[in-house]
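Worksheet: the structure to be examined is printed underneath.
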Amino acid sequence: MSTSALTAPDLEFLRRPLHGFLSVAEGPVPPQPRPVWFEATAEGTIQLFTGPETLKVRRLRQDPRASIVVAAPVGETERWVSVAGRTTVESDGAHDLCSRLAARYWDLADPARATALAGMLAEDQVRLVIHPQTVSRFTH
């Protein structure tokens, strides 16, 4: 089933600490999906953070199309959501997003994780925002 917007059940699923697999467009080169932390927003966008000079940012500046696929883990009923659309590179909010996602994916009481987060926050980051144009889903 495909739509152009995330549904309430999609948002509930996407707010879990699951990894998404991000793909960015690059002409004739096949997409190279990468696992990423992400956040589904109340506005129905998907956002993540990365360094401003990463390959994905360079590719998105040339072609703003991207997609992310999120699947339920092994042991759960098969389910996935795919979001594709135009992506913007935002200079604000990346460190706040990084902090929220680290708390979602890691136990920050662990000193090693807290140190890793501090290192991430010391680096320049940008926020990538996927504005859905096509949303596909499967629930078994």
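The values are calculated or read from the model by the stated rules, or taken from the named source; none is laboratory data. On a predicted model such as this, the values are computed, not experimentally measured, just so you know. Quick reminder, even Gly has a Cβ in these numbers, built from the backbone with ideal geometry, and neighbours come from all protein chains shown. Ligands, DNA and RNA are stripped out before the accessible areas are found, and what is left, the full protein with its side chains, is counted by its heavy atoms. Shrake-Rupley method; radii C 1.70, N 1.55, O 1.52, S 1.80 Å.
Using the crude model of +1 on Lys and Arg Cβ and -1 on Asp and Glu Cβ, and no other charge, please compute the dipole size for the chain relative to its Cα centre, in debye to 20. Working shown, then result.
Numbers: 15 positive and 16 negative charges, 63 e Å.
Charge dipole of the chain: 300 debye, to the nearest 20.
With unit charges on the beta carbons (Lys and Arg positive, Asp and Glu negative) and the dipole taken about the Cα centre of the chain, which residue among 25, 89, 74 sits farthest to the positive side?
25
Carbon and sulfur: what percent of the chain's accessible surface (1.4 Å probe)? Could you put the intermediate results ahead of the total?
On the way: 4240 of 7710 Å².
Summing carbon and sulfur atoms, their accessible area is 55 percent of the total for the chain.
Quote the FRET efficiency, to the nearest 0.05, computed for residue 16 versus residue 88 with a Förster distance R0 of 25 Å and r equal to the Cβ-Cβ distance. List each step's numbers first, then the result.
Working: r = 24 Å, r/R0 = 0.98.
Computed FRET efficiency for residue 16 and residue 88: 0.55.
Set Lys and Arg Cβ to +1 and Asp and Glu Cβ to -1, take the dipole of segment 31-140 about its Cα centre, and tell me which of 130, 118, 62 lies farthest positive.
62
Normalised radius of gyration for segment 50-140, please: alpha carbon Rg relative to 2.2 N^0.38 Å, two decimal places.
On the way: Rg = 15.7 Å, N = 91, 2.2 N^0.38 = 12.2 Å.
That ratio works out to 1.28.
Tell me the per residue accessible area of segment 1-85 using a 1.4 Å probe; a whole number in Å² is fine.
Values: 4680 Å² over 85 residues.
Here the residues of segment 1-85 average 55 Å² of exposed surface.
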